[in-house]
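The values are calculated or read from the model by the stated rules, or taken from the named source; none is laboratory data. Note that the structure is a prediction, hence the values are computed from the model and not measured. Cβ placement follows ideal geometry from the backbone for every residue including glycine, while neighbour counts extend to all protein chains displayed. Keep in mind that these areas ignore ligands, DNA and RNA; they rest on the heavy atoms of the full protein, side chains included. Shrake-Rupley method; radii C 1.70, N 1.55, O 1.52, S 1.80 Å.
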Amino acid sequence: MSARGVEIVADGIAVRGPSGTVVQDVALDARPGSVSVLVGPGGSGRTSLLLALGARFRTSRGTITVDGTPLPRGAAHARRRITVARAAPAVDLEERLTVGELAAERRAIGGPRVSDESLADAFDLMDLPFTPHTLAGDLSRVEQLLLLLALAAAEQPGGVLVDDVDSGIAGTDLDRAWHAVRALAHSGPTVVATATAPPPPGASAADLVVVLPGHQTHLRAKSGGRR
């Protein structure tokens with residue numbers, strides 16, 4: 001898998017929710033092939049910010065560019081190049097479906113980019129066996145995350161957004177989760193993830209960690225990634 005990663009640059013971003021501004025004055029530079037992690041508790045606006053970086057949530061202030069084109073003018077390009085692996089409740093795993101059914105569904109919606117070969121490569125990349133008759137709901141939490149990442153990777157996108165990497169996952173499973181995130185970025189796409197805590201020390205999963213301390217955020221950072 002060798003999709004070139006997108007570059008996502010944000011400056012002075014503010015995001016409003018039903019109760020007012022939940023994120024403000026955020027700036028980042030996610031370079032192609034890098035991993036950026038937005039860290040914060042529930043209600044910190046991390047999911048809204050994640051979706052905004054992929055042109056799927058409106059910001060109230062600031063600028064976002066994807067591959068040099070500002071949003072919203074470049075929204076169509078951003079949505080074509082950036083895939084959402086998970087952003088519950090809108091995008092999440094359908095636990096009543098089997099792995100094979102989810103793969104078939106991804107072939108149908110992904111068009112010519114998704115093939116048997118790209119799916120096989122994606123499952124190999126995530127070090128996840130392809131068990132077509134297994135219900136998604138019977139997988140462990142980390143296997144469910146890897147399945148979502150594999151389905152996203154099969155589209156050969158330039159960017160992947162994944163929410164709640166550490167939800168219900170701990171210990172060696174959490175190490176496995178962050179290793180998969182890094183492996184995905186190493187294969188080409190730029191990855192932006194959210195979590196309640198930064199990746200464990202020594203995981204080498206993130207080029208950039210942006211901490212969202214509740215409702216008031218003022219952060220500016222750059223990620224290394226690949227040019």
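Of note:
- Added length on full extension, which subtracts the Cα-Cα distance from 0.36 nm per residue, Glu117 to Ser19: 30.7 nm
- Gyration tensor verdict on region 42-99 (Cα atoms; rounded if a/c is under 1.5, prolate if a/b is larger than b/c, oblate otherwise): oblate
- Gaussian network model of the chain, springs between alpha carbon atoms under 10 Å - residue of Leu161, Leu147, Leu135 with greatest fluctuation: Leu135
- Region 15-54 pair-distance distribution - Cα-Cα, 5 Å bins, rounded %: 5, 20, 33, 24, 11, 5, 2
- Karplus 3J(HN,Hα) series, Hz, for region 60-67 with 6.51 cos²θ - 1.76 cosθ + 1.60 (x for Gly, Pro): 9, 7, x, 10, 10, 10, 10, 6
- GNM top mover of His179, His77, His133 - the chain, alpha-carbon springs below 10 Å: His133
- The chain, helix-only ellipticity at 222 nm - DSSP H runs n ≥ 4, -39,500 (n - 2.57), divided by all residues, nearest 500: -9000 deg cm²/dmol
- Taking N as its residue count, the alpha carbon Rg of region 71-216 over 2.2 N^0.38 Å: 1.03
- A Förster radius of 25 Å combined with the Cβ-Cβ distance from Ser167 to Arg73 puts the calculated FRET efficiency at roughly 0.15.
- Carbon + sulfur, % of accessible area of the chain - ligands and nucleic acids excluded, 1.4 Å: 52 percent
- Residue with peak Gaussian network fluctuation, the chain [Cα springs, cutoff 10 Å], from Arg96, Arg56, Arg107: Arg96
- Relative contact order %, the chain, counting alpha carbon pairs below 8 Å whose residues are six or more apart: 36 percent
- Two-decimal log10 I(q)/I(0) for region 1-106, as the Debye equation yields it once each C-alpha is a single scatterer, q = 0.14, 0.16 Å⁻¹: -0.61, -0.78
- Peptide ranges 28-40, 63-75 listed from the most packed, as the mean C-beta count within 10 angstrom indicates: 28-40, 63-75
- Length added when fully stretched, Arg61-Ile109, from 0.36 nm per residue minus Cα-Cα: 14.0 nm
- Long-range HN-HN contacts of Val22 with modeled amide H, under 5 Å: Val15, Arg16, Gly17
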